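Remarks on the structure that follows.
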Amino acid sequence: MRRIKTAVIGASGYSGIELLRILLRHPGAELTALTSRQSAGRTLEKVFPRFRACGPEAKLAFIQPDLDAVAATGAEAAFLALPHGVASEFAIGLLERGLRVIDLSADFRLKSPAMYQEFYDHPHPAPQLLEESVYGLPEIHGAAISTARLVASPGCYPTSILLPLLPLLRAGVIDPASICVFSMSGVSGAGRKESIPLLFCECNESLRPYSVPKHRHLSEIEQELATAAGQPVVITFTPHLVPVTAGMLTTIYATPLPGREEVDLDAIYQEAYGAQPFVRLLGRGGLPDTRDVVKTNFCDIGWAGDARTGRLVLMSAVDNLWKGAASQAVQSFNLMFQIPESTGLQSI
C-alpha cells in the first residue's frame, strides 16, 4: 500500500492527539509534518511520551505552522485540528500548494456565509470555498468525499444526531417539526484548554446543560436535516456535559407523519447502513452504551416506539473524539485516497 505523506496542523489538542494515535499505526499514512506553536522544535515523543514506541515518526519534530515548510515535506494531505476561524486561512494556503485538506473545525461545514456569521459571530473568512467543500459524513456523502479537495469533517453532536435521523427524513417517515434532541457529551468535547467550568472539581459528580437554546452545531445539523427533508427544518436541541472523559449519547424524539406509524424502521436503517462498516444497528429496543464505542469509529443506533405518546425514540452513541472528530476524519482520508475505508480504524 502506498503511504500518503500527511501533515497534522494543530496536533496538540485532544482531537489532534487522537489523530496522531490513529495515523501512527495507519499503513497508508506517513506523517511528514506536525505543527504546534507551543511545541515547535520538540519531538513528538518528547511532547507525548505515549508515542515513544511508535517507530521513526516518534522522532519527528513539531514545526511552526508555516505553510511553505509543510508543503516542503512533500505532504499530499493535511488534517486541520485548529479552532474555528483559524482553520480557514490554513486551508486556503494548503489548497493553493496542492494539498488535499480535511478540516475538523466548523469553518467549511456550512454553505451559507450568513448562517456562519449568525452562529460563529464573525464573517466567514473564505466564503469562496464553501460551495466546493464537502460535508464529511462518509455514510451519507462518501462518493463526494472521494473526489474532494476540501472535506469539512462534522462535529460530534451532528454525527450522533444526523446518522439516526437522515434515513427517516429521506424516507418521509417523521414530521420534521416534531424533532427534539437531548445529548450528553464527555468533557473532552470542550477541548484541551484552561477553563474553570472544565476543571475536575467542577465537572466531577456534576451534570449540566449548556449553550441553551442555540448551540453552534445547530447550524450544520439543521442544514443537513433540511437537505434530507427537502424543506427547512428547525429542531429543539439541548446538550449536556457529563463527568466522563469521552463518549456521547443522544436521544431523539420525533412523531411519525400520518399513515407512516407502522413503517418498518429496521428495514429503512438496513437499507441506509447495512453495507456501512461503522454504523452498528441495534434494532428495535436496542439501547446504545458509550462504553461500547469509546476509542472506536462506530456509531451504535437503537430505537423504540412509544405507543402511549405516539412518538419514536431514536438513540445513538459515539466517541466524541473518534467518530465525532479524529477517526471520522481518517475515514474521509481513506475515501479521498482510495484506501479501503476501514484501514487504520479497526478497533474493538
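Derivation of every value follows stated rules applied to the coordinates shown; laboratory data play no part. Everything quoted here is computed from the prediction, not taken from an experiment. All Cβ positions, glycine included, derive from the backbone under ideal geometry; neighbour counts span all protein chains shown.
Annotations
- For the chain, the convex hull drawn through the C-alpha positions has a volume of 136 cubic angstrom per residue.
- Ranking of Leu257, Leu99, Leu165 by count of other Cβ atoms within 10 Å, fewest first: Leu257, Leu99, Leu165
- Residue exposure sequence - Ser153, Ser185 - by fewest surrounding Cβ within 10 Å: Ser185, Ser153
- In order along the range 60-66, the phi-based Karplus estimate (6.51 cos²θ - 1.76 cosθ + 1.60, θ = phi - 60°) of 3J(HN,Hα) comes to 5, 8, 5, 10, 5, x, 9 Hz; Gly and Pro are listed as x.
- On full extension, the segment bounded by Thr238 and Asp289 gains 16.4 nm, given 0.36 nm per residue less the C-alpha separation.
- Count, lysine Cα pairs under 27 Å in the chain, 8 or more residues apart or across chains: 16
- DSSP bridge analysis restricted to the range 157-318 gives an antiparallel fraction near 70%, rounded to the nearest 5.
- Normalised by 2.2 N^0.38 Å, where N counts its residues, the alpha-carbon radius of gyration of the range 157-318 equals 1.06.
- Cleavage-rule hits, GluC sites (Glu not before Pro), the range 257-338, DSSP coil, Cβ neighbours within 10 Å at most 10: Glu262
- Each stretch of four or more DSSP H residues adds -39500 (n - 2.57); spread over every residue of the chain, this sum gives -8000 deg cm²/dmol at 222 nm.
- Within the chain, DSSP assigns beta bridges of which about 45% are antiparallel (rounded to the nearest 5).
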